[in-house]
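The values are calculated or read from the model by the stated rules, or taken from the named source; none is laboratory data. The model shown is predicted, which means the values in this text are computed figures rather than measured ones. Quick reminder, even Gly has a Cβ in these numbers, built from the backbone with ideal geometry, and neighbours come from all protein chains shown.
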Amino acid sequence: MSYLAPTRAEVRRNRLIVGGLALLMTVIVMTMFLLESRWGYLPPDPKLIYFQSWAAGRTRADAIAMTERTKAAREAKLAESRTYIATLTGKARTDAQKQYDAYVAGGGAKKDIPYVTNGNAGDEPPVE
């Protein structure tokens, strides 16, 4: 039953332990803040892609024409890549073809050219 009436030595030891732990936790937190402010821990900012805001008077024919222009722009980009790969030889050609295949399989053209406006590939909507 000494825990009900601890001796002065026990009280002092308990206070030193609790105080030491509090000081240690403070130092750890402050060190983590210092390390985070110096080197950071977050990944790079994501790439923002803005969606197209369509006009209220947009017709079905306009939508279909834009879809066709988008497909044509994507195909032109892929054809340009294939033409370049055809100029390479040896290991460089093999590596480029593997990279091209991975790009196509991952939907790279759809990500790079999500839509075409005004018939120009690569136009982006205005950022406001």
Return the residues of region 7-46 that are surrounded by 10 or more Cβ atoms within 10 Å (Cβ to Cβ) and among the small types (Gly, Ala, Ser); say none if nothing qualifies. GLY19, GLY20, ALA22
Close pairs (8 angstrom Cβ cut-off, 6 or more residues apart or separate chains): at pLDDT 85 or above in region 92-115, β-branched (Val, Ile, Thr) anywhere: ARG93/ILE85; ALA96/ILE85; GLN97/ILE85; TYR100/ILE85
For residues that are within 19 Å of TYR100 (Cα to Cα) and among the polar types (S, T, N, Q), scanning just region 47-83, find the one that is surrounded by the fewest Cβ atoms within 10 Å (Cβ to Cβ). THR83
Which pairs do you get when a residue that is on the phi < 0 side of the Ramachandran plot, found in region 55-70, comes within reach of a residue that is surrounded by 10 or more Cβ atoms within 10 Å (Cβ to Cβ), reach meaning Cβ atoms under 6 angstrom, with the pair 6+ apart or on two chains? ARG69/VAL116; ARG69/GLY119; THR70/TYR115; THR70/VAL116
When only residues in region 40-72 that are modelled with pLDDT under 80 and hydrophobic (A, V, I, L, M, F, W, C) count, which is nearest to the chain's Cα centre (by Cα)? LEU48
